[in-house]
Every structure is written in C-alpha cells, then in structure tokens.
Amino acid sequence: YQFDKEINSGECLKIMTGSATPIGLDCIIQIEHSIEKDNQVKFSSQPRSWLNIAREGEDCKKDDVILKKGTKIGPTEIGTLAVLGRKFVKVKALPKVAILSTGDELVPVGEDVSPFQIRDSNAYALQAFFQSNGIQLTRREIVSDNPEALKKVLTEVYNYDIVVLSGGVSMGVADYVPSTLLSIGVEKVFHKIKLKPGKPLWFGKNQNGGVFFGLPGNPLSCQVCFKLFIEPYLRKSFGLENLPTISFPVLQNRKKKVQLDEYFPVRLKSDQLEILQFNGSGDVTSTIGSTGIALHPSDKDDIAVGDELIYLPW
C-alpha cells in the first residue's frame, strides 16, 4: 500500500505492519498503544523520532560484504540471500564420498545375524556424520575380507575425493586395507597414532588429491576418528575456520587406563562434564545419551573432580 497524500501537522495515519512509511512521517505507534475515538487518536506511549521504523539501508548498504568467503550457508544465510535477491551464489563443490565397510562378519542393517556376525553400524554412523556436514554419500558398500574383492572396489573409487574404510587396518591376518591401498597407488602418509580409541588409523592420498581414511572397526574408535581427523579435514577443505577448543570441569574422578591420549563419552550438564559408563571402544551403547567426548591427556595419570577437560561435542 502506498499513501501519496500530504499529512498535516497534528494528523496521523493508520498503517499496516510492514508497509512503507509515507514520506514526511518519522514515528509509528503500535495500535495497542493507541485509543481511537470520535475521529481522534490518543497515545499511551511517548512518540519519538524513528520509533518502530526500519530505516532504509540500516541492515546493509550497497557493496557491503554480507557473507564472507568460507561462510557455511544455513537457514539464516539462505533467508538473507533471498531478501537480497541473490538466486545463485558461488559455493564450494561438495566432495564425492565413498564409505567401505570391510569384514566377512558384516551384514546390512535389517538382516538377521548369526552368532559370528555383526551389523554394519559404522557405515550408518559415518553417513550421519557426513550428512551433518551437508554431504551426501556417493557410495556405501560392504566389502569382504578378500584382497582381490577389496582391490576391485578400491580401484573403482580411486578417483573419489574422500574414501573412508572401516576395519581392516590393524594387525590381523585379514587386515588387507593398508597393503591393498598401496598396491593401487595410494601414498601412505601415516599409519597408527598415539590415541585410544583409534590407534590403528591409516591415512593416505592419491596423485589426484583424493584422500583415504582407514578407520578402526570398533564403533567408538570409528566415531572418535571422524571427529578428530575427518571433520577437521572437511572444514579445511571448505575454507571454514577451526572450531574453538572448549573445556569444562568434570564431575567424577577418573584413572588413566593406558599411556596414550584417551577420549571417552561424556554428557555436558550445566557446564560440567559427566563421565558415562564405558566398556571399551567396542561398546556400541556407551554413546547413547552422550553429548560428546572428552580428552584424558597422556601426561595426566588421574583426573579429579573439578579438573578442566577438553570437550568435543558430537
């Protein structure tokens, strides 16, 4: 609605919320703060210049930088772009990702398992982690503990941007992942780290810039490695800043189990960390109810109530 008549001194105009303010007027009183009677209006609040008026250019001005390079686009950013009439913007291309779960003991979720089989839970957890970072998988597959079968699949995904393997990276007789990756031309950057859970982690890259993460098969090991290594890699690839390191006091005592950095599931409650029951990296239910993981550093034998621990939210 556009009002084009002249407003004289001592007069006012009823206007709809969100309408353009007629030229010459510089104050809007909410209708609930006014009483209209006998063609006159009485206000219960004090008028002042620019009250309840959004001035032209107060949000942003022409040539202002609204979204800097490296900004993650979410609902609020999308709404802002729509307001500004930006139907298209340049963004980082999403990576082509494959998740390969290795092991003859694995069966798809939804199928019955025998006493010597387990369901392929890691693939679904990893897929959810990638989705939380805005990435949909290109391929997800179970691969048997067979060098030729593994080599065939790895050759097919060689040119993917990110390949994540679950299991087959430790010292078992059927742990063929490291040797098979080397055989197809993937360069090993490192194998094994001083960390629990997650010690057997393997990382390499191909000549095209694609990366290969070989994660341990135990569920918590797999999830911890994603948070500590894959997620930071994704942020770096997208040009995002590193997440700040945050610490909170712990509510319980804890004794060190090994001479390595240890991560374990915790629940953040009122800015304090509650240590959850944890029976090792194969404990599939230990993360239920957790909000993240906390670090027990290798140089600290015992943790006492009130000690500050580094915390990573899921």
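Nothing in this text is a laboratory measurement; each read-out follows from the coordinates by a stated rule. Small disclaimer: the values here were computed from a predicted structure and weren't measured. No Cβ is skipped: glycine too gets one built from the backbone with ideal geometry, and neighbour counts run over all protein chains shown.
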Review point. Using the per-residue mean of other Cβ atoms lying within 10 Å as a proxy for protection, in what order, highest first, do the peptides 82-93, 15-26 fall?
Key: 15-26, 82-93
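By the gyration tensor of its Cα atoms, with a ≥ b ≥ c the square roots of the eigenvalues, what is the shape of segment 97-238: rounded for a/c under 1.5, prolate for a/b over b/c, or oblate?
Values: a/c = 1.34, a/b = 1.16, b/c = 1.16.
Rounded shape, in that the Cα axes give a/c under 1.5.
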Point to revise | segment 265-314: relative contact order in percent, alpha carbon pairs under 8 Å with at least 6 residues between | key: 35 percent
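Using only DSSP helix segments of four residues or longer, with each worth -39500 (n - 2.57), what per-residue ellipticity at 222 nm results for the chain after dividing by its residue count and rounding to 500? Write out the running numbers ahead of the final one.
Details: 6 runs with 53 residues, N = 314.
The helix-only estimate for the chain comes to -4500 deg cm²/dmol at 222 nm.
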Exercise for review: Using Cα pairs closer than 8 Å and at least 6 residues apart in sequence, work out the relative contact order for segment 23-106, in percent.
Suggested key: 19 percent
Check your understanding: From the phi of every residue in segment 287-302, what ³J(HN,Hα) in whole Hz does the Karplus formula 6.51 cos²θ - 1.76 cosθ + 1.60 yield, where θ is phi - 60° and glycine or proline is x?
Key -> 8, 5, x, 7, 10, x, 10, 10, 9, 9, x, 5, 8, 10, 5, 10
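Restricting things to alpha carbons, find the Rg to Rh ratio for the chain using the Kirkwood radius for Rh.
Working: Rg = 28.9 Å, Rh = 24.3 Å.
My calculation puts Rg/Rh at 1.19.
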Review point. Going by the alpha-carbon gyration tensor, a ≥ b ≥ c the square roots of its eigenvalues, is segment 156-281 rounded (a/c under 1.5) or, if a/c is not under 1.5, prolate (a/b greater than b/c) versus oblate?
Key: oblate
Practice item. Quick one: grab the alpha carbon gyration tensor of segment 122-201, order the square roots of its eigenvalues as a ≥ b ≥ c, and give me rounded if a/c is under 1.5, else prolate or oblate depending on whether a/b is larger than b/c. Key: oblate
Practice item. For segment 1-98, state which GluC sites (Glu not before Pro) are in a DSSP loop and have at most 11 other beta carbons lying within 10 Å of their beta carbon. Key: E6, E11, E56, E58
Review point. Within the set K96/K205; K199/K269; K68/K205, which residue pairs have Cα atoms separated by over 25 Å?
Key: K199/K269; K68/K205
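When only Cα pairs under 8 Å and 6 or more residues apart are kept, what is the percent relative contact order across the chain? Walk me through the numbers before you get to the answer.
Working: 490 pairs, mean separation 35.7, N = 314.
Contact order relative to length: 11 percent.
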